[in-house]
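**Student:** The structure that follows is given in the form of structure tokens.
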Amino acid sequence: MSTRTGTSASVRLGAAGRYGLLVVAGVVSLAPLLWMMASSLKAGGDIIARPFSFDPGQFTWENFRSMLDTIPIGTGFRNTAIVVVVKGALTMIFCPMAGFAFAKYAFPGKRLLFGTVLTTLMLPTLVLLVPLLLEMSQLGWVSTFQALILPGAIDAFGVFWMRQVIMAIPDELLDAARVDGAGELRIFASIVLPVIRPGLAALGVLTFINIYNDFVWPVVAVNDEQHQTLQVMLSALAQNIRSGQLGADWTSVWGQLLAASTVAAIPVLIVFIVLQRHLIKGVMAGSLKG
């Protein structure tokens, strides 16, 4: 009896320790985000002089008002939304189709082609910048939405992810549909897509985050403010702090940068909170080995 009691006590202690570690990890992860949001409501001088003091009675919206006067953040949100919607739609349409072909069809050169797709995952983004920029220049697409959307729309990781998820679908299920006279597109739309919804949801979340947070390619491909994405505008605001190009006190620019970063973080937080359950289920589905 004492052995059982000791075992259950050790199990409870281990569980408490794990939960304690999770709480500490959560606090460490959320602390910078909470500090950013709280500091965006403080006066610029207080952000520098008293960075860790928070007095709700002294919170102000001045940083947000100044930020709206300094950068066209509405244009940045509009451009980012266009890129996210169109590029994300292309990813969500073609990556599952390519993954279905690699997972369920046999064709000459399949292994070589899939190996080539995986090889592109190993290439650093910086290696591809110059060739892509030259290609966009030859097409006359520099500083256009085509340049922001088309490169990387059919993502190699998305193809690999979808292939892993679709590999888990039994071949017998697809063969039964073929026996009933279903065509390949109908099989894909009526059987494959409903089965892989968790994996699709996870791909959608990851695609949204990657496109929304992308900075390197937009800053290279776009030279005018009309097509700048939100991340490029945030970088320009940060540059003002270092170079003093704004005719304002640099402490107030810190407040504007924190305010703009807070506004930019809200869509990502909403998407993650709403779809976190689907993301976890999709990650579990995509972890199956094919």
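The values are calculated or read from the model by the stated rules, or taken from the named source; none is laboratory data. The structure displayed is predicted, hence computed values, not measured ones. Glycine gets a Cβ as well: all are built from the backbone with ideal geometry, and neighbour counts include every protein chain shown. Side chains are part of the model used for accessible areas, which takes the heavy atoms of the whole protein and leaves out ligands, DNA and RNA. Shrake-Rupley method; radii C 1.70, N 1.55, O 1.52, S 1.80 Å.
**Student:** How large is the helix-only mean residue ellipticity at 222 nm for the chain, computed as the sum of -39500 (n - 2.57) over DSSP H runs with n ≥ 4, divided by its residue count, in deg cm²/dmol to the nearest 500?
**Tutor:** Taken over the chain, the calculation gives -24500 deg cm²/dmol.
**Student:** In segment 1-109, which chymotrypsin sites (Phe, Trp or Tyr not before Pro) are in a loop and have at most 16 other Cβ atoms within 10 Å, using DSSP for the loop call?
**Tutor:** Qualifying residues, ordered by number: Phe52, Phe54, Phe59, Trp61, Tyr105.
**Student:** Can you list, bin by bin at 10 Å, the percent of alpha carbon pairs in segment 2-62, starting at 0?
**Tutor:** Per 10 Å bin, starting at 0, the Cα pair percentages come out as 20, 28, 18, 15, 12, 7, 1.
**Student:** Another question about this same structure. With θ set to phi - 60°, apply the Karplus curve 6.51 cos²θ - 1.76 cosθ + 1.60 along segment 186-199 and write out the HN-Hα couplings as whole Hz, x wherever there is a Gly or Pro.
**Tutor:** 5, 4, 5, 6, 9, 10, 5, 4, x, 6, 9, 3, x, x
**Student:** What's the carbon and sulfur percent of the chain's accessible surface, probe 1.4 angstrom, rounded to a whole number?
**Tutor:** Roughly 68 percent, rounded to a whole number.
**Student:** Enumerate the residues in segment 70-101 having an amide nitrogen under 20 Å from the point lying 7 Å beyond the Cα of Asp175 toward its Cβ.
**Tutor:** What the label zone holds, given the 20 Å backbone N cut-off, is 100-101.
**Student:** Could you state the angle between the C-alpha long axis of helix 73-104 and the longest principal axis of the C-alpha atoms of the chain, as a value from 0 to 90 degrees rounded to the nearest 10?
**Tutor:** 20
**Student:** So what's the Cα pair-distance distribution over segment 112-269, bin width 5 Å, in %?
**Tutor:** Going from the shortest bin to the longest, the percentages are 1, 7, 12, 13, 14, 14, 11, 10, 7, 5, 3, 2, 1, 1, 0.
**Student:** Which three numbers, in whole Å and largest first, are the semi-axes of the equivalent ellipsoid of segment 25-103 derived from its Cα gyration tensor as √(5λ)?
**Tutor:** 40, 20, 7
**Student:** Can you tell me the 0 to 90 degree angle between the C-alpha axis of helix 250-286 and the longest principal axis of the chain, rounded to 10?
**Tutor:** Helix 250-286 sits at roughly 20 degrees to that axis.
**Student:** Taking segment 138-240, which chymotrypsin sites (Phe, Trp or Tyr not before Pro) meet the DSSP loop condition and have no more than 13 other C-beta atoms within 10 Å?
**Tutor:** Phe215
**Student:** Using only Cα atoms, find the angle between the long axis of helix 125-139 and the longest principal axis of the chain, and express it within 0 to 90 degrees, rounded to the nearest 10.
**Tutor:** So the inclination is approximately 90 degrees.
**Student:** What whole-number distance in Å separates the alpha-carbon centres of segment 3-78 and segment 182-196?
**Tutor:** 44
**Student:** Obtain the radius of gyration and the Kirkwood radius of the chain from its C-alpha atoms and give Rg over Rh.
**Tutor:** On the Cα set of the chain, Rg over Rh gives 1.08.
**Student:** Something else: Which whole-number value in Å² is the accessible area per residue of segment 111-228, probe 1.4 Å?
**Tutor:** 56
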